[in-house]
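For reference, the structure discussed in these notes is given below.
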Amino acid sequence: MRELDLDLDAFEGPFDLLLTLLLREELEPIEIDIAAIVLAFVERLAEREEIDLEACGEFLVLVSALLELKARLLFPDEAAELDALEPEAAAEELARRLGEYRRMKEAAVWLAERLAGERDRWFRLGPAPLAPQPERRLAPQDSNALAVALRALAVPPPAVSLSHMALRFPPVSQFLDRFRTLLSRRRRFDFESEVIGLSRVEQAVAFLALLELRKSGEIALSQAAPFAPIRIARVDDERITTWTARSA
Amino acid sequence: MDSTLRLIATNPLDQLARTIEALLIVASAPLSVAELAEAAEDDPERVETALGLLRERFGERRSGIVLEQVAGGYAFRASREASEACARLFERPIERGLSHAALETLAVVAYLGPCSRPEVARIRGVAADSAVASLVERGLISEAGRESGPGGAVRYRTTPLFERVFGLESLAALPRLDDLGADGEQIRERLLEVASARAS
């Protein structure tokens with residue numbers, strides 16, 4: 001790769017000299033056409049019959065680092081972290097990355113040598129034997145108790161009652177008759193005192209009956225305040241009371 | 001007191017050594033002292049003493065099988081004298097065809113792991129997908145969680161099999177990274193030297 005000669009607008013010479021000038025800051029990465037470097041390298045590869053993977057890998061690392069340097073310089077305000085990366089720092093970064101890669105390459109070489117040195121070590125490989133499963137131990141059982149349990153299960157279950165699902169509405173007429181009878185004996189009464197002890201449904205039907213009587217003009221309804229007792233009076237009495245109050 | 005006396009009488013050190021020997025024969029991976037002590041229902045210190053006995057008994061040129069301390073535990077292997085015979089009968093599928101790229105990736109994971117494929121690619125300068133897949137398939141590295149944050153990349157670390165294949169007692173047996181390769185300053189100096197030589 002060192003032999004790669006470049007003929008660029010800003011530089012003419014070997015690739016490693018270009019790198020050195022960049023590291024010395026004697027050449028601006030912005031002025032370098034990196035695509036032209038890649039083209040030159042690809043042309044050199046095409047000329048050779050064999051591909052040198054080592055050289056290709058090193059070239060890729062260097063060119064990508066150069067590309068990153070150039071991108072950082074071209075877009076200095078793109079990210080805050082780039083502000084601190086001066087050309088010298090960028091060169092340091094390039095050297096650091098190369099150093100890191102070199103160490104890993106050396107480590108790979110060490111591993112390869114180690115592997116070669118261990119070729120006469122043979123050992124058994126395979127799945128580990130299964131660990132024993134914990135044994136399930138049942139407490140002593142009584143067969144009669146089992147029979148009782150089975151017998152209990154054999155009994156058909158009781159029929160499920162659905163009675164609670166049906167709402168029973170007593171007829172409104174029942175309460176109409178009841179209230180009319182009551183009004184024939186008494187001139188007025190409280191609704192609450194008459195429906196106390198009845199279910200919520202029965203109380204609702206009783207109230208409907210009350211509305212029916214009011215609609216037909218048979219009764220007058222009064223309530224002093226919300227939630228106060230509802231008072232029911234015969235209409236005749238109510239008219240008399242009203243008339244008396246007005247005449248007074 | 002009775003039970004202690006009975007233990008000494010029925011389980012002397014030699015018998016413990018024989019039990020450990022049996023456990024290591026059955027095991028297909030190195031067993032730690034703690035694992036051996038638990039299986040043998042004995043004291044870890046006595047297990048280590050018994051392992052010392054076994055190491056004398058199963059040493060190179062003394063026996064066809066050799067006791068070695070590897071991958072954080074103890075395991076038997078064939079003696080080196082028998083390696084040629086072993087090679088005629090058995091294969092080494094794990095290290096067969098291990099490429100240079102795979103070895104570089106393995107080095108990155110061994111030294112910097114747990115680390116992700118993008119980290120490996122950043123250091124090596126090329127995509128590491130194929131090398132990582134090959135190493136996972138061989139059982140030399142395995143997944144070790146993900147990087148933090150949503151969609152974090154899978155991280156990898158070396159397995160005990162890696163240590164065993166490479167004959168390492170643990171990852172601490174790897175050479176120090178600082179002792180390997182040139183540092184950044186050396187690389188920079190080398191580049192400058194090359195430039196000076198060309199300029200002159």
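Just so you know, all these numbers are worked out from the coordinates, no wet-lab data involved. Predicted model only: the values in this text are computed from it and were never measured. Counting neighbours? That spans all protein chains shown, and the Cβs are built from the backbone with ideal geometry, glycine included.
Descriptive notes on the structure:
- Here is the list for segment B:58-97: trypsin sites (Lys or Arg not before Pro) lying in DSSP coil, each with at most 10 other C-beta atoms within 10 angstrom of its C-beta, are B:Arg61, B:Arg96.
- Karplus 3J(HN,Hα) series, Hz, for segment B:80-95 with 6.51 cos²θ - 1.76 cosθ + 1.60 (x for Gly, Pro): 5, 4, 8, 5, 5, 5, 4, 5, 6, 9, 10, 9, 10, x, 5, 9
- Hypothetical label at A:Asp177: residues of segment A:199-220 whose amide nitrogen lies under 18 Å (7 Å Cα-Cβ projection): A:202-203, A:205-210, A:212-213
- Using the Cβ-Cβ distance between B:Leu171 and B:Arg92 with R0 set to 22 Å, the FRET efficiency from 1/(1 + (r/R0)^6) comes to roughly 0.50.
- Rounded if a/c under 1.5, otherwise prolate or oblate - segment A:129-179, Cα gyration tensor axes: prolate
- Legend: translational diffusion of segment B:2-89 by Stokes-Einstein, Rh = Kirkwood radius over C-alpha pairs, 37 °C, 0.692 mPa s; D = 239 µm²/s.
- Ranked B:Ser79, A:Ser173, criterion: other C-beta atoms within 10 Å, fewest first: A:Ser173, B:Ser79
- Alpha-carbon centroid distance for the pair segment B:59-132 / segment A:126-144, whole angstrom: 39
- Rounded if a/c under 1.5, otherwise prolate or oblate - segment B:58-100, Cα gyration tensor axes: oblate
- Note on B:Glu163, A:Glu25, A:Glu118, B:Glu35: ascending count of other Cβ atoms within 10 Å places them as A:Glu25, B:Glu35, A:Glu118, B:Glu163, the fewest first.
- Of the three principal axes defined by the Cα atoms of segment A:169-247, the extents in descending order read 45, 25, 21 Å.
- Here the spin labels are modelled as points 7 Å beyond Cα on the Cα-Cβ line, and at A:Glu12 and A:Leu167 they lie 10.2 nm apart.
- Computed E for A:Leu67/B:Glu45 - FRET, C-beta separation, R0 56 angstrom, nearest 0.05: 0.40
- With each label modelled as a point 7 angstrom along the Cα→C-beta vector, the B:Glu60-A:Ala145 pair spans 6.6 nm.
- Distant-in-sequence amide H partners of B:Ser79 (H built 1.01 Å from N, under 5 Å): B:Ile65, B:Val66
- Value of [θ]222 nm, deg cm²/dmol, for chain A, DSSP H segments ≥ 4, -39500 (n - 2.57) each, nearest 500: -18000 deg cm²/dmol
- A viscosity of 1.002 mPa s and a temperature of 20 °C, combined with the Kirkwood radius over C-alpha pairs in the Stokes-Einstein formula, give chain A a diffusion coefficient of 70 µm²/s.
- Shielding score for B:98-107, defined as the mean number of other chain Cβ atoms within 10 Å: 5
- Dipole of chain A [Lys/Arg +1, Asp/Glu -1 at C-beta], most positive-end residue of A:Leu111, A:Leu67, A:Gln174: A:Gln174
- For segment A:117-183, trypsin sites (Lys or Arg not before Pro) are listed when DSSP marks them as loop and at most 12 other Cβ atoms sit within 10 Å of their Cβ; the list is A:Arg119, A:Arg136, A:Arg137, A:Arg168.
- Exposure proxy order (Cβ contacts within 10 Å, fewest to most) of A:Ile34, A:Ile232: A:Ile34, A:Ile232
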